[in-house]
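S.K.: Have a look at this one before I ask anything.
The values are calculated or read from the model by the stated rules, or taken from the named source; none is laboratory data. Given the structure is predicted, the values throughout are model-derived calculations rather than measurements. Every residue, glycine among them, receives a Cβ derived from its backbone with ideal geometry; neighbour counts consider all protein chains shown.
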Amino acid sequence: MLEFSLKLRLYLSLLLVVGTALVKIENWISLFIYIIVSIFWVVLLRVKVEKLFKILSLQILFLGILVLPQGYERAGFLLLRSLVCLVFLISFLLSIPAHTFGSIIRSLPLPAPLKLNLYFSVHFLEKLKIEIEKMNLSAQLRGLNGTTSWIRYTNASMIGSLYIRTLEKAERVNKAMYLRGFSGEFPPEKILQTKERIILNAILFLVSVITLGSYFFD
Amino acid sequence: MHLPDGFVSVPVALSTGILSGGVLWVSLQKTSSTYGSRHAVVLGLTTAFIFAAQMINFPIFGGTSGHLLGGGLAGALLGNPWSAILCITTVLIIQALLFADGGITALGANILTMGIGSVSMAWILSRTLLAVFGGNKKYLPIASGIGAAISVLGTSLACAIILALSGISEASIIIPSMAGIHLFIGVGEGIITGSILAYLLKVRPDLLPGEENTFRGILFPVIIIFLLAGIVSLFASALPDGLESVAQNLGFKNLRENSSNVVQTPFSRYEINGLGQIGKSMAGLLGALVCFGIAFVIARIVKDKNA
């Protein structure tokens, strides 16, 4: 599994998430199959279970509050189905290094302008995060982040100056990219190998059978 | 407010997905003429900025906190709703794919509520207010702040309706609980949006969209308002409203009919006698026209005094 391309792993996790999310409510057999698959998925991707549970525990609280008035059985199903979806996606995200996020974006079946926007946003997120940390630190050093009322001009001016910095950076990057010959298009992307395509189609077939089957067989 | 996977039923996921896809396609067509590939970096970085701004939490009460949704802010900064829709949609896709915040199958619903709904509501409201204020740029922070605040409440209601339609929660439970908490988050959103724009107006006014022609600026909101008043009013519920329902339960509903001091109004019960459904639509249109006229005249008087 691990030697498969990032693109295949992304497509498989998306397929499994969609398949699980669309299982008919209270069809426990289909959900049970997906629970087994999710355990295999975690093992195959060698995800750190402790880290995975830490992320999931935050979601359990929120989702639980939302569905509990539905009664224990229905709420249990909804909660479990949602958590299995999260296990598929979070396991995939935990198994890849952060610098490959750009490649993930490029692999998505989306219109080119949207993909371009996504790519640049992801690429600069880390840089903006560092800017925010710097601004937060400097605000704290100046004693501006106290426990005063939340209607603070500091927050607004911080975000405002972040926008100014962002635009200035964007203008510099834009010029630099055009000087290096960027035409607004990505180079052609790698396509899936035959073996990978067979696996993807096989999983697509299985997911379709399990999910559609949940509507016909109780 | 992000709906997770498994919380949106198949019909709702499909219909919201198709609807969002359609609006997104129009947004891409519209932005290609204004932005194109040359400014992809600028739009990308503005999107990243909105994402980053969402990370800054503000406390509400009782240990809970809220953060920016950014629909109103994106619209005000980019100067057109199509780019703002694209911007918020990108944020939502990143959150769903890279942070598992919001579901893949619920992406259509999330884009429809938090992307398209939030941006459109904030845009229409802020442009209408700005036009009432005479299109002056100095009123942009207050107009956008009010628009952003109300859009958060509207978005939370849309989100609650989607959950109710999906059979996850009963409308009577989910709508008041979502509206209650988002009322406060909306106020926070409005203040932060307005303050950011006030700061930018003071420091770098050139970054904000220019002065608007009053009539051009209000044309689109006016069309929407009249469509709502004229067409959507036809589908209004015939059931009694809150007060009528209470009156019925407590047995004082017939007091009005029995009273001798009732003044007859031209459009009593939002109808024009003898015109049936068309009369209802016309009453809605005329009502909206009168309200708009009064607001416009007041705004002109206030503006002339301040000028």
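S.K.: Do we find a residue being more than 24 Å from residue A:114 (Cα to Cα), surrounded by 24 or more Cβ atoms within 10 Å (Cβ to Cβ) and among the hydrophobic types (A, V, I, L, M, F, W, C) anywhere in the stretch B:132-142?
M.R.: The answer is yes, given that some residue of the stretch B:132-142 is more than 24 Å from residue A:114 (Cα to Cα), surrounded by 24 or more Cβ atoms within 10 Å (Cβ to Cβ) and among the hydrophobic types (A, V, I, L, M, F, W, C).
S.K.: For residue B:199, are the conditions met, namely being more than 10 Å from chain A (Cβ to nearest Cβ) and not basic (Lys, Arg)?
M.R.: No.
S.K.: Just the residues that are of a type in the set (S, T, N, Q) and modelled with pLDDT of 70 or more, please, taken from the stretch A:135-161.
M.R.: Across the stretch A:135-161, the qualifying residues are A:136, A:138, A:140, A:157, A:161.
S.K.: Are any residues in the stretch B:4-23 under 16 Å from residue B:89 (Cβ atoms), of a type in the set (Gly, Ala, Ser) and either buried (at least 18 other Cβ atoms within 10 Å of the Cβ) or touching a strand residue (DSSP E or B) at 6+ places or on another chain (Cβ under 8 Å) (or both), and if so, which ones?
M.R.: Residues satisfying the conditions are B:17, B:20.
S.K.: Can we say residue A:77 is assigned by TED's automatic domain parsing to the domain that holds residue A:56, at negative phi and in a helix (DSSP H, G or I)? It would help to see each step written out before you state the result.
M.R.: Working: assigned by TED's automatic domain parsing to the domain that holds residue A:56: yes; at negative phi: yes; in a helix (DSSP H, G or I): yes.
Here the answer is yes, as residue A:77 does meet what is asked.
S.K.: Still on this structure: Name every residue in the stretch B:1-15 that is outside any helix (DSSP H, G or I) and either within 7 Å of chain A (Cβ to nearest Cβ) or free of Cβ contacts under 8 Å to residues at least 24 places away in the same chain (or both), in order of residue number.
M.R.: Here is the first cut: in the stretch B:1-15, the ones outside any helix (DSSP H, G or I) are B:1-9.
Scanning the stretch B:1-15 gives B:4, B:5, B:6, B:7.
S.K.: Among the listed residues A:29, A:33, A:25, which satisfies the condition of being within 13 Å of chain B (Cβ to nearest Cβ) and touching a residue at least 24 places away in the same chain (Cβ under 8 Å)?
M.R.: Of A:29, A:33, A:25, the one residue that is within 13 Å of chain B (Cβ to nearest Cβ) and touching a residue at least 24 places away in the same chain (Cβ under 8 Å) is A:25.
S.K.: Name the one entry in A:116, A:78 that is over 29 Å from residue A:5 (Cβ atoms), at the interface with chain B (Cβ under 7 Å from one of its Cβ atoms) and either surrounded by fewer than 16 Cβ atoms within 10 Å (Cβ to Cβ) or in contact (Cβ under 8 Å) with a residue 40 or more places away in the chain (or both).
M.R.: Residue meeting the stated conditions: A:78.
S.K.: Oh, and also: Is it the case, given these coordinates, that residue A:138 is more than 9 Å from chain B (Cβ to nearest Cβ) and either touching a Phe, Trp or Tyr at 6+ places or on another chain (Cβ under 6 Å) or more than 30 Å from residue A:159 (Cβ to Cβ) (or both)?
M.R.: Numbers: more than 9 Å from chain B (Cβ to nearest Cβ): yes; either touching a Phe, Trp or Tyr at 6+ places or on another chain (Cβ under 6 Å) or more than 30 Å from residue A:159 (Cβ to Cβ) (or both): no.
So residue A:138 does not fit the description; no.
S.K.: Taking the stretch A:76-107 on its own, how many of its residues are farther than 19 Å from residue A:46 by Cβ and in contact with a Pro (Cβ under 8 Å, 6 or more places away or on another chain)?
M.R.: 2
S.K.: Taking the stretch B:151-191 as the search range and keeping residues that are within 16 Å of residue B:110 (Cα to Cα) and of a type in the set (Gly, Ala, Ser), which one is farthest from the chain's Cα centre (by Cα)?
M.R.: Among those that are within 16 Å of residue B:110 (Cα to Cα) and of a type in the set (Gly, Ala, Ser), it is B:166.
S.K.: From the list B:163, B:130, B:140, pick out the single residue that is touching a Leu at 6+ places or on another chain (Cβ under 6 Å), assigned to a helix (DSSP H, G or I), in contact (Cβ under 8 Å) with a residue 40 or more places away in the chain and not aromatic (Phe, Trp, Tyr).
M.R.: B:140
S.K.: Would a scan of the stretch A:184-193 turn up a residue that is modelled with pLDDT of 75 or more, of a type outside the set (D, E, K, R), surrounded by 15 or more Cβ atoms within 10 Å (Cβ to Cβ) and not in a helix (DSSP H, G or I)?
M.R.: Yes, that holds for at least one residue.
S.K.: A further question on this structure: Has the stretch A:35-49 got at least one residue that is part of a helix (DSSP H, G or I) and at pLDDT below 85?
M.R.: Yes: the stretch A:35-49 contains one or more residues that are part of a helix (DSSP H, G or I) and at pLDDT below 85.
S.K.: Shifting gears a bit: Taking the condition of being more than 9 Å from chain B (Cβ to nearest Cβ), under 28 Å from residue B:25 (Cα atoms) and part of a helix (DSSP H, G or I), how many residues in the stretch A:93-111 meet it?
M.R.: Within the stretch A:93-111, residues that are more than 9 Å from chain B (Cβ to nearest Cβ), under 28 Å from residue B:25 (Cα atoms) and part of a helix (DSSP H, G or I) number 5.
S.K.: Here's another thing I want to ask about it. Could you identify the single residue in A:49, A:42 that is surrounded by fewer than 20 Cβ atoms within 10 Å (Cβ to Cβ), more than 13 Å from chain B (Cβ to nearest Cβ), of a type outside the set (Ser, Thr, Tyr) and in contact (Cβ under 8 Å) with a residue 24 or more places away in the chain?
M.R.: So the residue among A:49, A:42 that is surrounded by fewer than 20 Cβ atoms within 10 Å (Cβ to Cβ), more than 13 Å from chain B (Cβ to nearest Cβ), of a type outside the set (Ser, Thr, Tyr) and in contact (Cβ under 8 Å) with a residue 24 or more places away in the chain is A:42.
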